[in-house]
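The values are calculated or read from the model by the stated rules, or taken from the named source; none is laboratory data. Not measured: the values here are computed from a predicted model. Cβ: placed from backbone, ideal geometry, glycine included. Neighbour counts: every protein chain shown. Each accessible area value is taken on the protein alone, full model and side chains, heavy atoms only, with ligands, DNA and RNA left out. Shrake-Rupley method; radii C 1.70, N 1.55, O 1.52, S 1.80 Å.
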Amino acid sequence: MDLAALHAPIQQEIEHRISRLVSSSSFVLGPAVEAFEAGFAEYCQARYAVGCNSGTSAIHLALAALDIGPGDEVITVSHTFVGTVWGILYCGATPVYADIDPRTMNMDISRVEALITDRTRAIIPVHLYGQPVNMAPLLSIAAKHGLYVIEDAAQAHGARYQERRVGSLGHIACFSFYPGKNLGAWGEAGAVVTSDPQLAGRLRRLRDHGQPKRYCHDERGYNYRMDAIQGAVLAVKLRYLDGWNARRAELARVYREALAGVPGLQLPEYCAGTESVHHLYVIRHERRDDLGAALATRGVSTGLHYPQPVHRQAGAGTGNDCIDDLPETDAAAASCLSLPMFPTMTDRQLRQVTEAVVASLDALQRV
Ligand SMILES: *Cc1c(COP(=O)(O)O)cnc(C)c1O
């Protein structure tokens, strides 16, 4: 990811906005954040966006606004960034993990219903790597059992499911604007998106010390407010997001063309009706550590998203008694390898990567 190259053409425009903010001394929430919230809600085809200070806070706020707490269970996936799960634990609720579909590496919807108990309150599907979860069957299971659906859209700004943008599919959606995301701030930021006016009001109060008005704290709140500077940066960058996502789609198309049919290599697969925004391009191979090392010697850096599932992390607990019950999750963690994927990647760099992958696998087969 080359953030400097991404920002160079728009840096002046952003710096101009920031220097106006400095003159106004309005550093927290305020007009810059409100303008971004309005633009981002519209972008997501939803009515309200509530800016906050991270994607992790966004998920915590969403669960708090639904009064989810101790004794409640929330169904999600373990093959995700740990930030999906912190909010569940902060509320004192219990995460319950559904295994993933090995093709899309997203939540396997056919496994969800068996996990629902009297205590289940919500489901958090994660649009991992930029690809929307197969939402239609998930939403009908949720409706049948009276459960809330909270989208973790931290990796999927702008992705579509059956023509609709993520963020408008469930009751609430949570976004992260961590610098490396498809839409990234110049620091930490996040947002909660909903079309429910009551929930939007509650979310606004909860992120701001639980205040309906100043120094009136009707309920326990949080200091999860968005910096004005991040609002200003994000409002500018939002205008470029579709262009950047289009370049990512082009890179993914070329990767598929160049790497399809390479023995032993599994390429990302996409659920029908989804339009991914390719936050990450994650391939799978049985010897991914060897492949990663071979690519490194050819000057190609790779990543692991994610090398250890959340339910095997000491800090996140084991959730339900699932420790040996998520074979596809464990298999994905052991075989995933993320290739370079960022909008300013050149055709030449792309060719270098695909050639290095083919050459590395060739070499591996001979030893
Ligand atoms: C980045 C991310 C988060 C957390 O967002 P932060 O802004 O880093 O707190 C949550 N879930 C997923 C899937 C993410 O990728």
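Above 22 angstrom, tally the Cα pairs of the stretch 15-132 and express them as a % of all pairs, no decimals.
Details: 3314 of 6903 pairs.
Roughly 48 percent, rounded to a whole number.
Taking springs between alpha-carbon atoms closer than 10 angstrom, which of Val82, Val22, Val126 fluctuates most in the Gaussian network model of the chain?
Greatest mean-square fluctuation among the candidates belongs to Val22.
In debye to the nearest 20, how big a dipole does the stretch 242-365 give about its Cα centre with +1 on each Lys and Arg Cβ and -1 on each Asp and Glu Cβ?
Details: 11 positive and 16 negative charges, 109 e Å.
Magnitude of the dipole: close to 520 debye.
Could you give the alpha-carbon Rg of the stretch 242-365 over 2.2 N^0.38 Å, rounded to two decimals?
On the way: Rg = 15.8 Å, N = 124, 2.2 N^0.38 = 13.7 Å.
The reported ratio for this selection is 1.15.
Which one of Gln313, Pro263, Ala334 is farthest out on the positive end of the charge dipole of the stretch 242-365, using unit charges on Cβ (Lys, Arg +1; Asp, Glu -1) and the Cα centre as origin?
It is Pro263, whose Cα lies furthest towards the positive end.
What is the ratio of the Cα radius of gyration of the chain to 2.2 N^0.38 Å, with N the residue count, to two decimals?
Numbers: Rg = 20.7 Å, N = 367, 2.2 N^0.38 = 20.7 Å.
Compactness ratio reported: 1.00.
Ranked highest first by the average count of other Cβ atoms within 10 Å around their residues, in what order do 108-121, 330-343 fall? Let's see the in-between values first.
On the way: 108-121: 15.3, 330-343: 20.0.
Going from most to least packed, we get 330-343, 108-121.
Charges at C-beta only: +1 for Lys and Arg, -1 for Asp and Glu. How large is the resulting dipole of the chain about its Cα centre, in Debye rounded to 20?
Working: 34 positive and 39 negative charges, 188 e Å.
That gives the chain a dipole magnitude of about 900 debye.
HN-Hα J couplings of the stretch 94-109 from phi, Karplus 6.51/-1.76/1.60, θ = phi - 60°, integer Hz, Gly and Pro as x?
Whole-Hz 3J(HN,Hα) from phi for the stretch 94-109: 10, x, 10, 9, 8, 6, 9, 7, x, 7, 8, 6, 9, 3, 7, 4.
In Å³ and rounded to a whole number, note down the convex hull volume per residue for the Cα atoms of the stretch 317-367.
On the way: hull volume 6.6 nm³, N = 51.
It comes to 130 Å³ per residue, whole-number rounded.
Just from its helices, what would the mean residue ellipticity at 222 nm be for the chain, if runs of 4 or more DSSP H residues each count -39500 (n - 2.57) and the sum is divided by every residue, rounded to the nearest 500 deg cm²/dmol? Walk me through the intermediate numbers first.
Values: 12 runs with 142 residues, N = 367.
One gets -12000 deg cm²/dmol as the mean residue ellipticity at 222 nm.
Give me the base-10 log of I(q)/I(0) for the stretch 1-48 at each q in 0.14, 0.23, 0.29, 0.33 Å⁻¹, Debye formula, one uniform scatterer per Cα, rounded to two decimals.
So the normalised log intensities are -0.51, -0.92, -0.95, -1.02.
Taking amide H atoms as placed 1.01 Å from N in the peptide plane, list the residues 5 or more away in sequence, or in a different chain, whose amide H sits under 5 Å from that of Gln313.
Correct list: empty.
Compute the separation of the alpha-carbon centres of the stretch 1-67 and the stretch 243-286 and state it in Å as a whole number.
Between the Cα centre of the stretch 1-67 and that of the stretch 243-286, the gap is 29 Å.
Quick one: net charge around Phe342, please, counting Lys, Arg +1 and Asp, Glu -1 for every other residue with C-beta under 10 Å from its C-beta. The partial results should precede the final answer.
Working: positive: Arg247, Arg248; negative: Asp2.
Local charge sum for Phe342: +1.
Sort out for me the Cα centre separation of the stretch 80-127 from the stretch 214-231, rounded to whole Å.
Cα centroid of the stretch 80-127 versus Cα centroid of the stretch 214-231: 28 Å apart.
With unit charges on the beta carbon (Lys/Arg positive, Asp/Glu negative), name the residue among Gly180, Pro70, Ile116 whose Cα is farthest towards the positive pole of the charge dipole of the chain.
Gly180
Taking the convex hull of the Cα atoms, report for the stretch 177-289 its projected area averaged over all directions, in nm².
Details: hull surface 44.2 nm².
Projected over every direction and averaged, the Cα hull of the stretch 177-289 covers 11.0 nm².
Could you give the nm distance between label points at Arg287 and Asp67, where each point is 7 Å from its Cα heading toward the beta carbon?
So the label points at Arg287 and Asp67 sit 5.8 nm apart.
Would you compute, for the Cα atoms of the stretch 75-167, the largest minus smallest coordinate along each principal axis and list the three values in descending order, in whole Å?
33, 27, 24
Which residue fluctuates the most in the chain, going by a Gaussian network model with Cα springs under 10 Å, if the choices are Ser23, Ser54, Ser301?
Ranking Ser23, Ser54, Ser301 by mean-square fluctuation puts Ser23 first.
Using only alpha carbons, build the gyration tensor for the stretch 236-302 and give me the equivalent ellipsoid semi-axes, biggest first, whole Å. Don't skip to the end; give the middle numbers.
Working: eigenvalues 132, 53, 19 Å².
Whole-Å semi-axes of the equivalent ellipsoid: 26, 16, 10.
With the full set of protein chains in place, find how many percent of the accessible area of the chain is carbon and sulfur; take the probe as 1.4 Å. Could you put the intermediate results ahead of the total?
Working: 7760 of 15600 Å².
Percent of accessible area from carbon and sulfur atoms in the chain: 50.
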